[in-house]
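Take a look at the structure set out below.
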Amino acid sequence: MSFIVINSYNNYVDAHIARGVLEEEGINCWLKDEHTVTIDPILTNAVGGIKIMVFNSQAERAWEILSALKNEQKQAIACPQCGSHNTELVSTPRKAINWISAITTFFLGDFAMTIDKVHHCFDCKHEFPPAETE
Ligand SMILES: [Zn+2]
């Protein structure tokens, strides 16, 4: 049996949500490069993000679950400007100062909360901040 990559994430929060959902559905999976990405977010692009690995034989089912999860997350968010659900949470490439503060905060223990993200609306190009709970 072998594992294959079925998706990748640029932060460990999303990766862990996906893994949790898959495990609930009985999918055998693990995260690759989690350590690299979490310790050094600047390397995220270099290593291609955190990869979620599943058994070959479960890949199709896992993909269906992740697609459903993504749809569900999209439906929960509407663009405040045009009401569209066609949005995606994206990491914003910011000035160095934010990476420095992100890394500093990581060592103080609350890294996930400092990632700078916005929702991008594909219909009207509006960008808006994620809700507190995300
Ligand atoms: Zn919009």
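What follows draws every value from the coordinates through simple rules; no lab data is involved. Computed from a predicted structure; not experimentally measured. Every residue, glycine among them, receives a Cβ derived from its backbone with ideal geometry; neighbour counts consider all protein chains shown.
At what distance in nm do the modelled label points of Glu88 and Lys70 sit from each other, each positioned 7 Å from its Cα along Cα→Cβ?
0.8 nm
Summing Lys, Arg as +1 and Asp, Glu as -1, what charge do residues with Cβ under 12 Å from the Cβ of Ile65 carry, Ile65 excluded?
Combined, the nearby Lys, Arg, Asp and Glu give -3.
What is the local net charge at Cys82, summed over the other residues whose Cβ is closer than 10 Å to its Cβ (Lys, Arg +1; Asp, Glu -1)?
Charge balance in the 10 Å sphere: 0.
With a 10 Å radius around each residue's Cβ, average the other Cβ atoms per peptide and rank 19-30, 64-75, highest first.
Most protected by this proxy first, the peptides run 19-30, 64-75.
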